[in-house]
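Read the structure below first, then the notes.
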Amino acid sequence: MKVYDLNLPQIEYYRTFCNFDEREAALFELRRKNIPLERCAEILKYEDIKKLSQRVNRKVLSVSNAKRMDEWIENVYWKNVIQNQ
């Protein structure tokens, strides 16, 4: 799965359920902009970027349930979007 291929509701789902720490969240946001991992390491000033990337990937995979995601997007995400307009 490529993070930059995800749509906004899917991104919000992962932000909500992955429980990223600050550094993991920063990497997730950079990768969704299709920034190469090596460049992410420079931006974040973090040497062990592959290990961090693996942690992010594990968290994403652990909550990747298409049915649960679809239900959350339909029942929570879109209701919040409509309410905030």
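Taking segment 8-28 as the range and being free of Cβ contacts under 8 Å to residues at least 24 places away in the same chain and open to solvent by 80 Å² or more (accessible area, probe 1.4 Å) as the test, the residues that pass are 8, 15, 22. Residue check: residue 72 meets all listed conditions (1) at pLDDT 95 or above; (2) touching a helix residue (DSSP H, G or I) at 6+ places or on another chain (Cβ under 7 Å) but one, namely (1).
In segment 29-60, of all residues being in contact (Cβ under 8 Å) with a residue 24 or more places away in the chain, out of contact with any Asp or Glu (no Cβ under 6 Å at 6 or more places or on another chain) and of a type outside the set (Lys, Arg), the one that is nearest to residue 73 (Cα to Cα) corresponds to 60. Have a look at 59, 79 and point out the one that is modelled with pLDDT under 90 and not small (Gly, Ala, Ser). After ruling out the rest, the residue left standing is 79. Where residues in segment 29-49 are within 18 Å of residue 6 (Cα to Cα) and charged (D, E, K, R), which of them is most open to solvent (accessible area, probe 1.4 Å)? So the residue we want is 33.
The values are calculated or read from the model by the stated rules, or taken from the named source; none is laboratory data. Being a predicted model, the structure only gives us computed values, none of them experimental. Here the Cβ is made from the backbone with ideal geometry for all residues, glycine too, and neighbour counts use every protein chain on show. Quick note on the areas: whole protein, heavy atoms, side chains included, nothing else; ligands and nucleic acids left out. Shrake-Rupley method; radii C 1.70, N 1.55, O 1.52, S 1.80 Å.
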